[in-house]
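Okay, structure first, notes after.
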Amino acid sequence: MRRVLLSLLLAAFSFSCGGSSSAPQATAPKHQSMLAAMASGTKDSAPPKKDPPRADASLLARDVLFGNPDRAMPLVSPDGKHLSYLSSSDGVLNVWVAAIDARDKAKVVTQDKKRGIRTYRWAFTNNHVLYLQDNDGDENFHLHAVDIRTGKDQDLTPFEGVQARIEALSHKIPGEVLVGINDRDKRFHDVYRVNVVTGKRTLVQKNEGFASFSTDDDFKVRFGMKPEKDGSTEMLEADGKGGFRPYGRIPMEDALTTFVAGFDKEGKKAFLIDSRGRNTAAFVELDVASKKSKVLLDDGQADVEALVRHPTTGKVQAAVSTYDRFRWHVIDQSIRADLDAIAQVAPGDIELESRSLDDTKWLVGSYVSDAPVKYYLYDRTKKKAELLFSNFKALEDAKLAPTRPVILKSRDGLDLVSYLTLPRDAKAEQPLPMVLFVHGGPWARDAFGLNRWHQWLASRGYAVLSVNYRGSTGFGKSFINAADHEWAGKMHDDLVDAVTWAVSSKIADKDKVAIMGGSYGGYASLVGLTFTPDTFACGVDIVGPSNLTTLLSSIPPYWESEVEQFSKRIGDHRTEDGKKFLASRSPISFVDRIKRPLLIGQGANDPRVKQAESDQIVTAMQKKGIPVTYVLYPDEGHGFARPQNRTSFNAVAEVFLAQCLGGPYEPIGKDFEGSTITVPIGKDQIHTLSSTLK
């Protein structure tokens, strides 16, 4: 049930899959023609003379931390007869299925050979699993249906350059799935009913400028959300004839914290997560005909993020929210005894991952910060939970460091929910080198649980701090809206305030603080080295934008419905004043301020933060003679999905941080094998990198 927050710049560290036998490359492919021309005839600037970083082969291995999970995303089939999960087949994540009473005889049912499957669902036929796959990170996802009995894999959306989205599944229509497809107009996804066996599709709703649709269990479109020029959203009710009539309005201030979460069995009541009239998003029940609504649950401190509903009746049984830890708010007391029984055997934060249609079988996950996730099969009739497996067996006996939530204060009085991990042997009041690890989004968040990047860095002797800066989700609309037009402004102040806190608390050595992150976190790293060049000892930027004007000018066409939100929250790239403002918040405008080491990682096929964002800042630094190391992957997009690529980049980053912060590093060794890593610029800046690439 861990909710994936889709936002402008999804965190680049949500990597969880893939594999290939591609050989490492040391020469620039076609994606690097501009950089190759820029660098031709020149040598990398020699790094300053200093003692080499300290290698330590006994450290917790990177391939254990960043390889594929042993088993992930377990689900129980709707009829409760099968268990499925993601696991490696020849080094690539695929879907495995076993009979629920013969789990030791699981068989792989998908045959991905390269990138790995990262998300899948059961169809209500009970004989098919559905999964999405793109090409080398381009996010033009195809929807596939695989028959678990025969292994037949059918591409249900066999269209080039088109993105498919699963809109809905229904137990009432088991042989079909609602799919959004943008083949007619790349900007908007029309909604189709698609047969999971034959692939036949039937148009349900043509999309004429809608951001999203809400559908019921009969696959009827009930509401459409259409963006307005002022950033608000018009809520339109479907008339049953393909048209819409006005129903309501969601002001811009509530646009990121208000949405329809479902309908009751009869379709007469809508369940909303709604922040209108309050700060935190609450669970609201809406009578569709009368438009009368009532608040059924408001956390008051954190947004309700999801509803737990009965699989057939649709009755809301609980709401969940996250402030510093995951919270259950039980509404239907019939599940109270079940949660209590699970808590007796499963430590940590409990989340309901999947359940059978008859509601007798639950699959739950137990999340702690210093051990892998443990999954349990819970029998509601017996009130008994059985441990199935953890997601990373090799970490079960590893000596991992606990992460603790801390609430920091920004300079203007906001509470910043943050997470701190210290090395296991850290001593009180002995400041350590620290990595400020910044999440992407920015409309996403950090949460409690095992963070493999925290564990990696803490095992190297670094304190690690992640901050939910303003704009992060889950803390009410005021906190989100406080980030409007504050990229490189107050959002960055929050990060600097966190560093100040860590230094004053004798956690961090003020001269040895690195900033690192992906997507918006990569942008924050670039901002750190350009706007506050004396605060950070070095920075690691992964798929981060350097130029906000070119970022917004090159968004994917299917983000058209979000343009007004972007312009109101970041800046308007369509006006001259907007361009001037965006330039004032873009790291590319202040390259000459960079005086600390910088490592950049990029996927060549990134549709969100295109390769040009990294290319242009690297080129600008080259022109000014400022050293930089640029790592580029020809088969990746917004983040590094293949474990070989993920591990190879982190191998480079680990040596880079060792040079910068003085910690030990695990030798690169064989961590480039199977990776498509290229380093067109700056390989001589990092110890052993040049020789390893040869």
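Read-outs throughout are calculated quantities, based only on the coordinates presented, and are distinct from any laboratory measurement. Keep in mind that what you see is a predicted model, and the values were worked out from it rather than measured. Every residue, glycine among them, receives a Cβ derived from its backbone with ideal geometry; neighbour counts consider all protein chains shown.
State the answer as a single residue: which of Pro557, Ser478, Tyr523 lies farthest towards the positive end of the charge dipole of the chain, with beta carbon charges of +1 for Lys and Arg and -1 for Asp and Glu, about the Cα centre.
Farthest along the dipole direction, towards plus: Tyr523.
Which listed residue (Trp122, Gly277, Ala55) has the Cα farthest towards the positive end of the charge dipole for the chain, taking +1 on Lys and Arg C-beta and -1 on Asp and Glu C-beta about the Cα centre?
Ala55
Starting with the highest mean, order 490-497, 428-435 by the number of other Cβ atoms within 10 Å, averaged over the residues of each peptide.
Answer by packing, highest mean first, reads 490-497, 428-435.
How about segment 572-643: which GluC sites (Glu not before Pro) there are in a DSSP loop, with at most 11 other Cβ atoms within 10 Å of their Cβ?
none
Can you quote the Å³ per residue value for the convex hull of the Cα atoms in the chain, rounded to an integer? Provide the component values of the computation, followed by the final result.
Details: hull volume 103.9 nm³, N = 694.
About 150 Å³ per residue, rounded to a whole number.
What is the sum of charges, Lys and Arg at +1 and Asp and Glu at -1, for the other residues whose Cβ falls under 15 Å from the Cβ of Phe244?
Combined, the nearby Lys, Arg, Asp and Glu give +1.
Would you tally the net charge around Asp493, using a Cβ to Cβ cut-off of less than 10 Å, leaving Asp493 out, and scoring K and R as +1, D and E as -1?
Values: positive: Arg411, Arg470, Lys490; negative: Asp412, Glu486, Asp494, Asp497.
With Lys, Arg at +1 and Asp, Glu at -1, the net is -1.
For segment 118-146 and segment 654-694, compute the distance between their C-alpha centroids and round to whole Å.
Computed from Cα coordinates, the inter-centre distance equals 35 Å.
Just want the answer: with Cβ charges of +1 for Lys and Arg and -1 for Asp and Glu, which residue in His171, Val196, Asn207 is farthest toward the dipole's positive end in segment 71-209?
Selected residue: His171.
Tell me the relative contact order for segment 268-426 as a rounded percent, counting alpha carbon contacts under 8 Å between residues six or more apart.
It comes to 11 percent, rounded to a whole number.
Rounding to the nearest 20 debye, state how big the charge dipole of the chain is about its Cα centre with +1 on each Lys and Arg Cβ and -1 on each Asp and Glu Cβ.
Details: 90 positive and 88 negative charges, 60 e Å.
For this selection, approximately 300 debye.
What is the packing order of peptides 100-110, 446-456, taking the mean over residues of other C-beta atoms within 10 Å and listing the highest first? Could you put the intermediate results ahead of the total?
Values: 100-110: 14.2, 446-456: 21.7.
Listed from highest to lowest mean packing, they are 446-456, 100-110.
Going by average Cβ density within 10 Å per residue, which order do the peptides 208-219, 512-523 take, highest to lowest?
512-523, 208-219
Over the chain, what is the mean sequence separation of C-alpha contacts under 8 Å (at least six apart), divided by residue count, expressed as relative contact order in percent?
Answer for the chain is 16 percent.
For segment 176-254, what is the Kirkwood estimate of the hydrodynamic radius, computed as the reciprocal of the mean inverse distance between distinct Cα atoms, to one decimal in Å?
13.3 Å
What base-10 log of the normalised intensity I(q)/I(0) is obtained for segment 71-209 from the Debye formula, alpha carbons as equal point scatterers, at q = 0.16, 0.19 Å⁻¹?
-0.81, -1.10
With a cut-off of at most 15 other beta carbons within 10 Å, and DSSP calling the residue loop, which trypsin sites (Lys or Arg not before Pro) in segment 384-446 qualify? Please list them.
Working: sites: Lys384, Lys393, Lys399, Lys409, Arg411, Arg424, Lys427, Arg445; in loops: Lys399, Arg411, Arg424, Lys427, Arg445.
Of the trypsin sites (Lys or Arg not before Pro), the ones in loops of segment 384-446 whose Cβ has at most 15 other Cβ atoms within 10 Å are Lys399, Arg411, Arg424, Lys427.
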